[in-house]
Each structure stands twice: as structure tokens, then as C-alpha cells.
Amino acid sequence: MTTPVVTIQDLEVTFATDGGDVRAVDGVSLEVAPGEVLAVVGESGSGKTVTAKTILGLLPETATTRGAVVLTSTDGGSTDVVNVSPARLREARGRDVAMVFQEPSTALNPVYTVGWQIAEGLRAHRRVPRKVARAQAIEALRQVGIPDPEQRVDHYPHQFSGGQKQRIVIAMALALGPGLIVADEPTTALDVTVQAEILDLLRRLRDETGTAIVLITHNMGVVADLADRVAVMYRGRVVEQAGVRELFATPQAAYTKALLGAVPRIGEGRPRAVVRAASRPAGWESSAPVVAATDLTITYPGRFRQPDFTAVDGVSLQIRPGEVLGLVGESGSGKTTIARAIAGLQPVSGGSLKVLGTEVAGVHARDLRALRPRLGFVFQDPATSFNPLLTIAECVAEPLVVHGRFRTPAAARARVDELLEAVQLPRSYGDRFPHELSGGQRQRASLARALALDPELLIADEPTSALDVSVQARVLDLFADLQRSLGFACLFVSHDLAVVDLIADRIAVLYHGRLVEEGPGADLLEHPREDYTRRLLASLPIPDPEAQRARRTP
């Protein structure tokens, strides 16, 4: 029999908090064989990421760990991560096991080039000369599909798109040839085309190198596409383990059935669109648009003798009152740039952009202050959009205090509690700090902050990207209820076409800064006119292992 690359036995992890001990992992036992992909799924806070970080010994000092996590190296040696010395643990990291973190923007150091960061691990473990380490870093970038690696090796993280940064993090994990890679939500913030490329990359690396993968994800389409086995976690326990085909075909646990039932699928949005249209007053289509962009152009000035970069090129679109416009496109297509421009966070280079009747093109940021209370913004990366020194309650109360609704965060606490409960977070979470919440919980808190001022226009940049499917379904239902009752218009930026189908009235497709197709959501997804839109739909993983296998078969 093949020795597992990692064996987890009766793992228990407890965190000490001001409110008492919290049991995050309760008696988990798992094994991963060489060359196997084990997907660990479950809702936010179920213990997926805590289990993954235990494998590398990355838990904070407030954590108490019991049980065994045994890593088997390529030379046959074994290491119990729970009971090993810090020096031996440092040797195992990178060589025996490496991690691809959920948020590459926070995993990469902004002040060092990506080549230096890849070579850092090589020099630490192998003591290779600087030139050799650089050559191996270039090869690692080439292996993960970064174009022109000889030049890009000297670039900094901010010079790469989100998908490229994720590839760089994978290159860092592969640099020392570990037997196991722990991938924590490796495709969370990626659009479907880049996600398909990352999944193909992970599949190829597994097949070519025999590297085992522990895949932490909430995307059941990704599970169906890549995993060999699936472990379902709920409240710190593994409630079901099975092969991927068996689990999707005949789930046994009630929670697994509910999880699979909450997965959004293309085609489910048409009935919701009909209900939304029927609830709007007559003549709403002829009312003045909340957002009107005409030949919108946004250019980033070049530096160090580099040419200017046009991120948005002649885009014209409108959002009517109470309407939800879904904006989709691959990484770097200009989606977030348009969202930031509408919020007054990005200067407009050319064309016209009217927001709530105010022309923002050519206007100084301070002149838009009167507009800001009427806008809400859900940022893509909840980890960096919160002040780490403030509690969640203070972060959510911040817009209420800044705009004079309340004098202090304490005075706004009743309103904050209402908002937290509205996004499915207990009131007690307001006393926690951002790092004490999971990625999905932080995203819900970000949505609560965006809704604090009852905005007329909500700009949602990947608002469900960090949510598991069950919580995502509840948040989308909540979003639909709030949008129907409050009547705010929304620009909904997302890479998940199934989510956009559920929530949007119309969909606009961007490609290299240009608007290539726009129309009613159901019609555009069922009968796309442009080749690029068809390619987007073909890249979307289907939550069905058999269908995904058939798509990959030539």
C-alpha cells in the first residue's frame, strides 16, 4: 500500500478568546495519498482553513492542538507537526508541504520582486547561489504560465493581475518540489477563464509531479472538476467522506444534500428576473438612469518611460433606478476600474460618467463628498478593506459616524447589530477583530458596512467571492430582499456567471477594457452572440463530475 503523504488523526483545535474557548476542529481524521486531490468543503467557519493551517503548523499562539498530523516526506521520513520542534517544522515547510493562500495580495510582499520571493525559499532550504536561485525562479514562473518570465521575474506584485498573482503564489509553493500542496481557496477571486487555467495548471502539476493536493474550497464546480475525494465539514467535524462521483450522485449526510442543493446553476435566474420586473412601477425603464457612462475611458499613466495603459476603452452603459447590472469579464478586463470610477475612487480620463445626476468626469474627489453617503461599496478583498485595529462593530459603524448619523461607534451599536443580523452574523461578532473572522464572515461584515447608510446605489465588487455555497445562497436571497424593499440600484461585479444569472437584470461583458456584449441576463447566457461570451460559459465549471469529465475529454 502507498504511504499517505499526510495522515490526520483525531485532530482537535481550540482557540482561546475573550469570550471563552472556541472549538474550531473537533475530532477530524483524514488521509491523502500521493498524487491524490482531496477537497475539503463546508460552510464558512466549519474548520476547513484551520485544519489546513494545522498541516503546516501555522496556527496562532492562542490555539491549542491535540491529536496527530503526520507528514511523510519524499525520502520516507515522517514528521508529526503537532509535536515537532520549531526548527524541524521550518525544514518541513516548503520541502514536504507548501501552501497556496486564499488571498495572494496579502501573501506576497509588496516591496520585493516576485523573483526574489520565489528564490527566498530556495536559498533558505538549499543554500543555492543567487544566480541559480534566480534561474530556478524564472523556470517556476514559466511552469505556471507567466508570460515573458525572464522580464517578469523582476516585477513587483502590484504589476500583476489577480490571476497572475495566484499563479505566482503557486510557483512559490512548487519551488522546492513538496509532496503535498495545501490550496486554500486558490480560485476564489478569479474569473472563470483564469479559474479554468489555474485548475488545468493544478491538474497538470499533479499528473506530472505526483504532488498531492488538499483543496479547500466552497466552489462545488471546482470540486467536481479537480477532486478525487471529498470531505464535508460542518461545525468542526467531518460529516461525510466519499469519492467525488459518489458524493455528487448519492450524498448521505443531510448537510451534504443541503450544500449541493444550494449550488447556483446557469438558467435559474429567469424566474427571479420575471418577479423583479413585475414588482417595479410602470415606466421605470424611461426614468433617469442612476449611472450613465458614455464613451468612458480610463487610462493609467505610464511611469519610468513606460507607455500609458488604457484600462477602460470607450465603454457606454446605463443603470436604471432599482436595476441590477451584472458586470463580468476576465481578470484585467476593467471591471473593478469601472466600479471604482463610479464610486469616485478612480479619475476618469475621457468621455462622460454621470452618477446620481452628478458628472464625475474631471471633478476633484473632494467635490464628490456630498455624493458619497448615497453610495455603498462592497470591496473585493475583505481582509484589506477593514482596519485591523478596529472591531467589526467599529468598522461597520465607521460610515455612520463619518457622515454624522451617530456621534460615536458606541452610539451606533444598535444599528450595527441590526446590520450584522441582516447579513447572517451574530451580534457578538461585532466585538471581534477582522482577523478573528473567516473570509466568508468578513465578506458578510463588508456587506453590512456597505448597507449602513441605506444607499441609492450599491457597488458590489465580488460580494460573494469568499462565501461558501450555502451562505452564498442565503446572502443572495438576503440581497434580493433588501434590493426589493430598499429599491437601490446596483452594479454587481462578479466572475461567477451563475451568481450573476441569479441576481442581475442585465449583464455587460467586458474584454480588454471594451464592452463586447450587453443584454438581459437570461437571454445573454442562453444565446450569447460573441465568441468571448461563449468562451466564458465554456470555462464555467459545472457542479457535476461526469459532465466535467466529458468536457475535458477530446
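Quick note: the coordinates plus some simple rules give every number you see, no bench work behind them. What you see is a predicted model; the values in this text were computed from it and never measured. FYI the Cβ positions are ideal-geometry reconstructions off the backbone, even for glycines, and counts take in every protein chain you see.
Round to the nearest 10 and give me the degree value, 0 to 90, for the angle of helix 469-486's Cα axis relative to the longest principal axis of the chain.
For helix 469-486, the angle is close to 10 degrees.
In what sequence do V70, V81 fall when counting other Cβ within 10 Å, fewest first?
Neighbour counts put them in this order, fewest first: V70, V81.
If contacts are Cα pairs under 8 angstrom and at least 6 residues apart, what is the relative contact order of segment 422-554 in percent?
17
I'd like to compare 348-358, 85-95: which one has the highest average count of other Cβ atoms within 10 Å, and what's the full order after that?
Highest-to-lowest ranking by the protection proxy: 348-358, 85-95.
Which cross-chain or sequence-distant (5 or more) residues have an amide H under 5 Å from the amide H of A68, H modelled 1.01 Å from N in plane?
Q9, L11
Counting other beta carbons within 10 Å of each residue's own, what order do F492, F309, F406, F479 fall into, fewest first?
Fewest-to-most Cβ neighbours within 10 Å comes out as F309, F406, F479, F492.
Name the long-range amide H neighbours of V37: under 5 Å, sequence gap of 5 or more, or other chain; modelled H, no Pro or chain starts.
Residues meeting the criterion, in which the H sits 1.01 Å from N, are I213, D228, R229.
If each residue of separation counts as 0.36 nm, what is the full-extension length gain between S316 and D295 once their alpha-carbon separation is subtracted?
Additional length available on full extension: 7.0 nm.
With everything on Cα atoms, drop me the angle between helix 392-402 and the longest principal axis of the chain, reported from 0 to 90° to the nearest 10.
20
Sum -39500 (n - 2.57) across every DSSP H segment of at least 4 residues in the chain, then divide by the residue count to get the 222 nm mean residue ellipticity, nearest 500.
-10500 deg cm²/dmol
If neighbour count is taken as other Cβ atoms inside 10 Å, put L174, L537, L296 in order from fewest to most.
Numbers: L174 20, L537 15, L296 26.
Going from sparsest to densest Cβ surroundings: L537, L174, L296.
Net charge around G362, counting only other residues with Cβ within less than 15 Å of its Cβ (Lys, Arg = +1; Asp, Glu = -1)? Mind showing how you got there, number by number?
Working: positive: K354, R366; negative: D295, E359, D367.
Cβ neighbours under 15 Å give a net charge of -1.
When only Cα pairs under 8 Å and 6 or more residues apart are kept, what is the percent relative contact order across the chain?
On the way: 1135 pairs, mean separation 91.4, N = 554.
Answer for the chain is 16 percent.
Taking the Cα centre of the chain as origin, work out the dipole magnitude from +1 charges on Lys and Arg Cβ and -1 charges on Asp and Glu Cβ, in debye rounded to 20.
It works out to roughly 880 debye.
Can you tell which of F15, L89, A52 lies farthest toward the positive end of the dipole of segment 1-89, using +1 and -1 charges on the Cβ of basic and acidic side chains (Lys, Arg; Asp, Glu)?
Of the listed residues, the answer is L89.
About the Cα centre, and with charges only on the beta carbon of Lys, Arg (+1) and Asp, Glu (-1), how big is the dipole of segment 33-135? Nearest 20 debye, please.
That gives segment 33-135 a dipole magnitude of about 580 debye.
Nearest 5 percent is fine: what portion of the DSSP beta bridges confined to the chain is antiparallel?
For the chain, the DSSP antiparallel bridge percentage is about 55.
With a/c under 1.5 counting as rounded, go ahead and sort segment 117-185 into rounded, prolate or oblate using the C-alpha gyration tensor (a ≥ b ≥ c being the square roots of the eigenvalues; past the cut-off, prolate if a/b is larger than b/c, else oblate).
Oblate, since a/c reaches 1.5 and b/c is not below a/b.
Along the charge dipole of the chain, pointing to its positive end and built from +1/-1 on Cβ of Lys, Arg, Asp and Glu, which listed residue (G329, V499, T113) has its Cα farthest out?
So the residue furthest toward the plus end is T113.
Restricting to Cα pairs below 8 Å that are 6+ residues apart, what does the relative contact order work out to for segment 1-158? Please round to a whole percent. Write down the numbers at each step before the final one.
Numbers: 215 pairs, mean separation 28.4, N = 158.
Relative CO of segment 1-158 lands at 18 percent.
Just for the Cα atoms in segment 295-367, what are the lengths along the principal axes, largest first, rounded to whole Å?
Sorted from largest, the Cα extents of segment 295-367 read 44, 32, 18 Å.
Which whole-Hz ³J(HN,Hα) couplings does segment 376-387 yield from phi under the Karplus relation 6.51 cos²θ - 1.76 cosθ + 1.60, θ = phi - 60°, glycine and proline marked x?
Each residue of segment 376-387 in turn: x, 9, 9, 6, 5, 10, x, 5, 9, 8, 9, 6 Hz.
Residue by residue through segment 261-274, which ³J(HN,Hα) values in whole Hz follow from phi under the Karplus form 6.51 cos²θ - 1.76 cosθ + 1.60 (θ = phi - 60°), with glycine and proline marked x?
Each residue of segment 261-274 in turn: x, 8, 5, x, 10, 4, x, 7, x, 4, x, 5, 5, 5 Hz.
Which angle between 0 and 90 degrees, to the nearest 10, do you get for helix 130-143 versus the longest principal axis of the chain when only C-alpha atoms count?
Value to nearest ten degrees: 60.
Using the Cα centre of segment 104-153 as the reference point, and only Cβ charges (+1 on K/R, -1 on D/E), how large is the resulting charge dipole? Debye, rounded to the nearest 20. Don't skip to the answer; put the middle values down first.
Working: 8 positive and 4 negative charges, 56 e Å.
Dipole about the Cα centre, nearest 20: 280 debye.
Would you mind estimating how fast segment 44-98 diffuses translationally, via Stokes-Einstein at 10 °C and 1.306 mPa s with the Kirkwood radius over Cα pairs, in µm²/s?
In µm²/s, the coefficient rounds to 135.
Using θ = phi - 60° and the Karplus curve 6.51 cos²θ - 1.76 cosθ + 1.60, what whole-Hz ³J(HN,Hα) does each residue of segment 526-536 get, with Gly and Pro shown as x?
Couplings: 7, 9, x, 8, 9, 4, 5, 5, 4, 5, 4 Hz.
Of all the Cα-Cα pairs you can form in segment 178-259, what percent are over 18 Å apart?
Everything past 18 Å amounts to 45 percent.
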